[in-house]
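The structure under discussion appears below in the form of structure tokens.
The values are calculated or read from the model by the stated rules, or taken from the named source; none is laboratory data. Bear in mind the structure is a predicted one, so any value in this text is a computation, not a measurement. Neighbour counts are summed over all protein chains in view; Cβ atoms, including those assigned to glycine, are modelled from backbone coordinates with ideal geometry. Only protein heavy atoms, including side chains, enter the accessible area calculation; ligands, DNA and RNA are left aside. Shrake-Rupley method; radii C 1.70, N 1.55, O 1.52, S 1.80 Å.
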Amino acid sequence: MGAGTSPADPAPAGRAAADEPREPGERDGRDGSTGPGPVADAEDAEDAKDAKGADDAPDTGKDEAAADGRPRRSRRFPRFTRDTARPEGGGRAASGDAPAPARQWPLLTVLCAAGLGLLVVVLDPFDQAFRVGTILIGGALIAGAVLRWVVPSVGMLAVRSRFTDLVTYGLMGTLIVLLALVAQPAPWLDVPILEDAVRFTIR
């Protein structure tokens, strides 16, 4: 009993709770038993984990998509194109057992002919080499158009549809050959319409 206190005075709440006798069922850490202890801590941790998992749960649509095993498709166009359809006639020009050059022989033929024409133009080994080399380049493109039309599968020579490739290769090759034939001086092909157009343009 402290100084200045009497038995009639009410005890403080903290002391009263501490002085009250405990029930036999209650456990305290001081008497060798574990009060809230690991069991209560584990249960609190599990409850907190469950609450956090409920907050961070994904949308219902994603759950349904995952349950179906198929990713949910969006109506938006993809930012990056991952694959493209093979153009018509874009298969191998030879069987898969053949070496790589044999499988792409149409493209290699066009490239070698065009490269030979460029080499002739650059080296200029003889008179009229510029005209001959340019004709070789145009002839290579025309040959590509013919191969695209005749050969069912031309490999990497096929860029777009068969019609588009035919028009592109054929038109470009024909224009290059015509320009080589009418090039000055001493053109190999005399086209009066072109001469009149040039004179009208210069005037």
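General observations
- Region 83-101, subset modelled with pLDDT under 80 and open to solvent by 60 Å² or more (accessible area, probe 1.4 Å), residue farthest from R148 (Cα to Cα): D83
- All positions within region 164-186 that are under 24 Å from R103 (Cβ atoms) and either hydrophobic (A, V, I, L, M, F, W, C) or surrounded by fewer than 15 Cβ atoms within 10 Å (Cβ to Cβ) (or both): T164, L166
- Residue-level check: of (1) among the acidic types (D, E); (2) part of a helix (DSSP H, G or I); (3) surrounded by fewer than 16 Cβ atoms within 10 Å (Cβ to Cβ), D190 misses just (2).
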